[in-house]
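Below is one structure; the comments refer to it alone.
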Amino acid sequence: MNLQIQNLSFRFSSFGSFSEPVLNDINLNIEEGEFLALVGPSGSGKTTLMQHLTGLLKPDAGQIRVDNQDIFAKGFSLTELRKKIGLVFQFPETQLFEDSVYKDVAFGPRNLGLPENEVAVRVEEAIENVRLDFEKFKNRIPFHLSEGEKRRVAIAGVLALQPEFLVLDEPTAGLDYSGVQAVADILKHYHSMGRTVLLISHNIDLVTSLVDRMVVISDGKIRFDGHKKELFQNQKLLQSVGLSIPRTLALVNSLKQKGWVKSSELYSINDIKRELDQGILAKHILAQPQT
Amino acid sequence: MIRISNLIFEYTDGEEKNRVLNGIDLTIREGESIGLMGPNGSGKTTLARCLNGLLLPTEGEVFVDDMNTNEAARISEIRRLVGMVFQNPENQIVSTTVEREIAFGLENLGVDYEQMHEIVDKMLEQFDLQKYRNHPPHLLSGGEMQRLALASVMAMSPRYLIFDEPTSLLDLASRKSLLSIISEFYEEKRTGDKSKISTLFITQYPEETLTFDRLLVLNQGQIVLDDKPAVIFQKVEELKDIGLEVPAEFEVNHYLKKLSDGKLSLNTSDFLPIP
C-alpha cells in the first residue's frame, strides 16, 4: 500500500477564529514496506496527522490518497481502509477491557467477522509477535499484568488485524528499558515481514536506532523529510524544532577523536559496540605480536 | 528527615496477596537529592505514595519529621510537608485558571489574602508562568502544565518534593526546561539558601539522575542499590539483569574496558553534558 498526503491542512473548528491551523500544507509520501519516524515537539500536530490517515479527521484542504485513490471520495470504503491501516494510540493499554488476554486480542479479528479458527490463528500469532508466551498469557487477566506487558497486549490487539500499515503514537512512553527494547523488537520484526511502519516518538535515541528516514514536524508544518544523517548535521534546524542529536552520536565524536571508531554514523549503543569490536580488536589486540 | 523502617506494602486481589514493597529501610536527609529507578512494577510509585500517607504501610513505619503517617491527626501536616508532582499533570490540576491553581492549596491552608497574593506572584515568576496568569490550565502545553503542577506544590513551601516520572510524557525541550528549573533549586540549596528541600526524583532516564547526591535502585519491592549515581552506573551488567539502562557513556566505557582488558577507557571529560 502506498500512501500520499497532498497539501493537507486542518484546524479545529471548535476553537473558532482564534485557532492557528494544526496542520498546514502537509505533503508526505509513504511507500509500501518503509519504516520511518515522525518526530516533533508536543502540540506540533503529530497525533492529528495520524488521525487523518484513516479518515478519523477530515482535512479542511488537500487530499489523502491510498494506492492513488482519494480516501474521502464517494464510494471509497473507509471501513476497508481501517482494516489495512492499524493505529496504536498513546497509552493503548487504557483500552483493554476483556477479562482475558486472549479475548482482548481476539476482539478486533472477531469484529472483522473472521471465522473462529482464523481468529485463533491470528491471536496466537499476534501474542507471539509481541514476544509474550501464548500459553502462559492467554488466560491471564489484562489488568493484572505489568505496565510493559499490558502495552504489548494492546499492541497485539492491533497486530491481530494484520494491518499492511502500522502507525504507533509514542508506543514506549512510560516503559522501562526492557519494555522499550521489547517494543523496538516488535517493530523491527513487523517491518521485516514486509509491512509499512510509521513510528511517532519523542525518544530520539530509540527512533534513530530503528529508522533511516525521519520526518520532522513543527507548528503543523513539515520541516524536514530525509535521512537522519542529514538531519543531525543541521544544527540550526534541530535547535529551531527543539530536537537534539542522540546521546550516542555525541559520544561517537569523542571516540572518533581517539581513533577508536571510524564511522560517524553510529546511532545506537549496538552500532558503537560493533564498530569498537572491529576497530579496537584490530588495533590493540590483534596487532600485538603473536606468541 | 524522612525515616522508613521495614516498610511492607501489600494489596489483596481476590484471594491473592500481592506484596509490592518488601522490607524497605530508608532515610532521606535534609537537603538531599535522590534519584529512584526501577523496572515497571518494582514498586516506585507505591513507595512514593507511602511517603505522604496516600498509602499506609501494611507493616513497618514511615516517619516524616518524626510524625508517623499512621497517625490520622498528623496527615494534613505531612501532606503539606511532602509535595508530589506526578507523571501526568492533568491528573492533579483542579482549578479554572493558572493563578487559582497555584492559590488552591494555600486557600485550603487558610493563608491570609495578602500573603497568598505574594506567594502566587512569586511562583508565577519563578516558573515563568506570568503570561498565563488567567489562562485555563488545560490549554497549556504538557511542559507548561508540569511547571504549573510544580509551582502549585512549591507554593505550599514543602520540605520534601517527590517527582514521579514528571518527564516521561514531555518532549525534549520541555524536559530540559523542567529539569533546569529543578536544578536551580539544587543550586540555591548549595549556595546556602535557607530552603533545605529534599527531593526524590523517579525516572526511567538514567542520565537525569547524574547530578543527584544519591541513586536508589528498586527491584521487586526492595532497594537493591543505594549509592552515588556514578558508582551505580558502573554496574552495567547488574542493572541490565534487572532491566535497567545506564547512560550511554557508562555502557560504552564498560564495553571498552572489557574489550581491552582494562587498558582503554573514556575520561570523564568525554562524558556527555547532562540534559
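Computed values, structure above
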read-out: Among B:Met116, B:Met37, B:Met156: highest mean-square fluctuation, GNM of chain B, C-alpha pairs under 10 Å; value: B:Met116
read-out: Apportionment of accessible area to carbon and sulfur, the protein assembly as shown, percent (1.4 Å); value: 46 percent
read-out: Among A:Leu114, A:Leu87, A:Leu249, residue whose mean-square fluctuation peaks in a GNM of chain A (springs only between Cα atoms under 10 Å); value: A:Leu114
read-out: Theoretical ellipticity at 222 nm over chain A - DSSP helices of four or more residues, -39500 (n - 2.57) apiece, nearest 500; value: -11500 deg cm²/dmol
read-out: Segment B:35-51 - phi-based ³J(HN,Hα) in whole Hz, Karplus 6.51/-1.76/1.60, Gly and Pro as x; value: x, 10, 10, x, x, 4, x, 7, x, 4, 5, 4, 4, 4, 6, 6, 6
read-out: Amide hydrogen neighbours beyond the local backbone of B:Phe86, cut-off 5 Å, H modeled; value: B:Asp164
read-out: Shielding by partners - mean other protein chain Cβ count within 10 Å, residues of A:241-254; value: 4
read-out: Loop-located chymotrypsin sites (Phe, Trp or Tyr not before Pro) in segment A:55-148 whose Cβ has at most 11 other Cβ within 10 Å (DSSP); value: A:Phe97
read-out: Under Karplus coefficients 6.51, -1.76 and 1.60, residue-wise ³J(HN,Hα) of segment A:20-27 in Hz, glycine/proline x; value: 6, x, 6, 10, 10, 6, 7, 10
read-out: Segment A:27-125: Rg to Rh, with Rh as the Kirkwood radius over Cα pairs; value: 1.00
read-out: Max mean-square fluctuation residue, GNM over chain B, Cα-Cα springs under 10 Å, options B:Glu32, B:Glu99, B:Glu118; value: B:Glu118
read-out: Segment A:3-245, accessible area per residue, ligands and nucleic acids excluded (1.4 Å, Å²); value: 44 Å²
read-out: Rounded accessible area per residue of segment A:246-285, 1.4 Å, Å²; value: 47 Å²
read-out: Placed amide H near B:Leu216: partners under 5 Å, 5+ positions off or other chain; value: B:Gly35, B:Leu36, B:Met37
read-out: Amide hydrogen neighbours beyond the local backbone of A:Phe35, cut-off 5 Å, H modeled; value: A:Val197
read-out: Chain-alone versus full-assembly comparison, segment A:163-197, residues with accessible loss of at least 40 Å² (1.4 Å probe); value: A:Gly174, A:Asp176, A:Tyr177
read-out: Cα gyration tensor category, rounded, prolate or oblate, for chain A with a/c compared to 1.5; value: oblate
read-out: Cα gyration tensor shape of the protein assembly as shown, rounded if a/c is under 1.5, else prolate or oblate by comparing a/b with b/c; value: rounded
read-out: Whole-Hz couplings from phi, Karplus 6.51/-1.76/1.60, listed for segment A:250-257; x for Gly and Pro; value: 5, 5, 4, 4, 4, 5, 5, 4
read-out: Test item: B:18-31 mean partner chain Cβ contacts at 10 Å; value: 0
read-out: Chain B shape via C-alpha gyration tensor axes, a/c threshold 1.5; value: oblate
read-out: Unit charges on C-beta of K, R, D, E only; dipole of the protein assembly as shown, Debye; value: 1180 debye
read-out: Exercise: per-residue mean of other protein chain Cβ atoms within 10 Å, B:255-264; value: 4
read-out: Total accessible surface hidden between B and A, rounded to 100 Å², 1.4 Å probe; value: 3100 Å²
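The values are calculated or read from the model by the stated rules, or taken from the named source; none is laboratory data. Quantities reported herein were computed from a predicted structural model and do not represent experimental measurements. Heads up, the Cβs are rebuilt from the backbone with ideal geometry, glycines too, and the neighbour counts pull from every protein chain shown. With ligands, DNA and RNA removed, areas are computed over all heavy atoms of the protein, side chains included. Shrake-Rupley method; radii C 1.70, N 1.55, O 1.52, S 1.80 Å.
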